[in-house]
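Worksheet for the structure shown next.
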Amino acid sequence: MVDAMPFVLAWLASRGTGQPATFDVSVKLSGTKARPQPLALSWDMGQLVARDPHLSERVRRLQAGKSVLVEDVTKIAAYGLALAAISVFLPGRRVTDFRQGMPRTWSSRPTAPSMGSRLRAVPRVAGAPSTPS
């Protein structure tokens, strides 16, 4: 999440979104129907800067267009928001790797060995089947 945080903050600022940033998220856990739920995100810059001392400067550079990654702000912010949603809606799980290509997948694992098997979350991709094969 630390790598995506500057992109999330720059993207939210570009949209004029203050705190809390609120999103409607459709959540479908196995065995349940998808249901929309609000996701409200807020943050403490002091605590974030304690983990990443260069965070404020990285956000400013992205906002000013002074980074080769400026074209990827939306994409990487989406990854960061997905990580936040996973941590909220799947407590006790942690994303362990990203795979690029079709279909896009994230793998996660329990934070404690007793919490069960691996989980794979597959976001919907246009033209792809809604369930992984």
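Annotations
- Rg and Dmax of segment 1-96, Cα atoms only, in Å: 14.4, 46
- The slack in the chain from Ser30 to Ser42, taken as 0.36 nm per residue of separation less the alpha-carbon distance, amounts to 1.5 nm.
- Eligible lysines near Lys75 by straight Cα distance, threshold 20 Å, same-chain separation 8 or greater: Lys66
- Separation of the Arg51 and Thr74 label points, Cα + 7 Å toward Cβ, nm: 2.6
Coordinate-derived values only; no laboratory data. In this text, all values refer to a predicted model and were calculated from it rather than measured experimentally. Cβ coordinates were reconstructed from backbone atoms using ideal geometry, including for glycine residues, and neighbour counts include every protein chain displayed.
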